[in-house]
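The values are calculated or read from the model by the stated rules, or taken from the named source; none is laboratory data. What you see is a predicted model; the values in this text were computed from it and never measured. Cβ atoms come from the backbone with ideal geometry, glycine included; neighbour counts cover every protein chain shown. Keep in mind that these areas ignore ligands, DNA and RNA; they rest on the heavy atoms of the full protein, side chains included. Shrake-Rupley method; radii C 1.70, N 1.55, O 1.52, S 1.80 Å.
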Amino acid sequence: MGRNAALGTVLNKRILLIIGGGIAAYKSLFLIRVLAKRGIASRVIITRGGTEFVTPLSAGALSGDNVYSDLWDLTDEAEMGHIELSRSADLVVVAPATADIMAKAAHGIANDLATTTLLATDKRVLYAPAMNVRMWEAAATQRNIETLKKDGALFIGPDAGAMACGEFGEGRMAEPEEIADAIEAALRGVTTLDGLKGPKPLNGKSALVTAGPTREPIDPVRYLSNHSSGKQGYAIAGALADLGADVTLISGPVSIRPPANVNLVKIETAVEMLAACKAALPSDVFVSVAAVADWRPAECGAKKIKKNGDSPAPLILEENPDILKTLSTAENRPSLVVGFAAETNDVIKHATAKRLRKTCDWIVANDVSGDVMGGDHNKMILVTEDGADEWPRLSKQDSAKRLAAKIAEHFA
Ligand code: C5P
């Protein structure tokens, strides 16, 4: 019986499974088994590229059926012509769906058995994309997916996380059980994409992110602040939301646009930021990116300080609350607390000490001796109890995605 009880009982259906040329092909072998347990038979086509990753013999042994791969093979064609093959199933599933196969299908190119079948089929097609994050994000791939969606295709995944190529981000094929759920839903007549969207790794988790500088008033028109642009914190808030988290972004004054899918709370001072953070608890994760001013003027008069020819009275400063430390020692402490450390020298040593001092779980250390503050790139080092993991120089968006993927992995 299907694992997804909500979907009902045993199905007596057949899918045509097209296995494309990607490392995720091994998961498609597992998919055949998962489907068989749910009463869904698979007839398999493997593309030329697919045979570089899994063999027709394994697919045939698992499906208990012939496996087809060559349009020009007389035996294949005599047993079942490509038109018949395309109609012999209740649903066509492409897993892994590579950028190449989707590009061809979107444009009606039919130069091998898999693409010919996709062009000839009169059945609904479900794609489980799998590719490198940059290929996934490429404008051409996204355009092709829109075209396929307009033509009625369904999609499951991809998920975000660590990839076989060593990068992080969206592009990892959905897991076999998830694909099987989507197949069951499609076989039972679900035709809207929303019903088939894969669950995101941070669904059900809440995240609190601080970003930007704080502004500490000296008088009604003057303040103490710093050069923080908010770019990194905003990118992290957006990346966590993209992975399904419910994100509250508490931001000091910045001039960039907030991500669309977060709850933005605007504050000015450190004291206001702390109050907003406390009000946002409980939260599963806290990422403290804000460049909180360490001190504030002890007094802020109601009137502008006037020039009177003499040197002004010295500014008396008092310490601001440490928001990171306050939250990491709070009774309702988020289960994962991530602090940031801007360092100019001995980065790992200082960051390691800061992790302990602030009682946070991770510290993201940034070498700010270069163009980091206000710039678009950085080179982060993630310091955890397991040691220091040095990341390459990345755009702040990519660093954010990588950190969000790490956070998702932590909760997985
Ligand atoms: O050592 P430092 O206080 O600069 O550590 C930086 C980390 O502490 C960052 O995560 C920053 O957001 C946080 N912080 C804070 N409240 C402060 C000062 C820093 O939350 N008053």
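With all protein chains in place and ligands, DNA and RNA left out, the 1.4 Å accessible area ranks Phe30, Phe286, Phe411 as Phe30, Phe411, Phe286, largest first. Close Lys pairs in segment 3-196, defined as Cα atoms under 20 Å apart and 8 or more places apart or on different chains, number 8. Please identify the longest segment of the chain free of exposed trypsin sites (Lys or Arg not before Pro), where exposed means a DSSP state other than H, G, I, E or B and no more than 11 other Cβ atoms within 10 Å. Value returned for the longest uninterrupted segment is 1-302. Bridge orientation summary for segment 308-387: considering DSSP beta bridges with both residues in this region, about 45 percent are antiparallel.
Rounded to the nearest 10 square angstrom, His350 shows an accessible area of 60 square angstrom against a 1.4 Å probe. Highest GNM mean-square fluctuation among Gln397, Gln142, Gln232, for the chain modelled with Cα contacts below 10 Å: Gln142. Spin-label pair Ala162-Arg393: with each label point 7 Å from Cα along the Cα-Cβ axis, the two points sit 2.6 nm from one another. Among Asp346, Asp90, Asp367, the largest mean-square fluctuation in a Gaussian network model of the chain (Cα springs under 10 Å) belongs to Asp346. Separation of segment 21-96 and segment 287-343, taken as the distance between their Cα centroids, equals 62 angstrom. Segment 120-165 and segment 225-285 have Cα centres separated by 31 Å.
Return one whole number: the accessible area per residue of the chain in Å², for a 1.4 Å probe. Write down the numbers at each step before the final one.
Values: 19610 Å² over 412 residues.
With all protein chains present, the chain gives 48 Å² per residue.
Separation of the alpha carbons by more than 30 angstrom is noted, of Lys349/Lys396; Lys307/Lys354; Lys266/Lys406, for Lys307/Lys354.
Judged by the gyration tensor of its Cα atoms, with axes a ≥ b ≥ c, the chain is prolate; a/c meets the 1.5 cut and a/b is the larger of a/b and b/c.
When nucleic acids and ligands are ignored and a 1.4 Å probe is applied, Leu315 ends up with an accessible area of around 90 Å². Pairs of Cα atoms nearer than 8 Å and 6+ residues apart set the relative contact order; for segment 3-196 it is 21 percent. Mean-square fluctuations from a GNM of the chain, with a 10 angstrom spring cutoff on Cα atoms, peak among Ala353, Ala207, Ala99 at Ala353. Averaging the sequence gap over all C-alpha pairs within less than 8 Å and six or more residues apart, then dividing by the number of residues, gives the chain a relative contact order of 11 percent.
How much of the accessible area of the chain, in percent, comes from carbon and sulfur atoms when a 1.4 Å probe is used? Walk me through the numbers on the way to the answer.
Working: 10160 of 19610 Å².
Here carbon and sulfur together make up 52 percent of the probe-accessible area.
For segment 290-372, which chymotrypsin sites (Phe, Trp or Tyr not before Pro) are in a loop by DSSP, counting at most 15 other Cβ atoms within 10 Å? Walk me through the numbers before you get to the answer.
Details: sites: Trp295, Phe340, Trp362; in loops: none.
Counting only loop positions with at most 15 other Cβ atoms within 10 Å, none of the chymotrypsin sites (Phe, Trp or Tyr not before Pro) in segment 290-372 qualifies.
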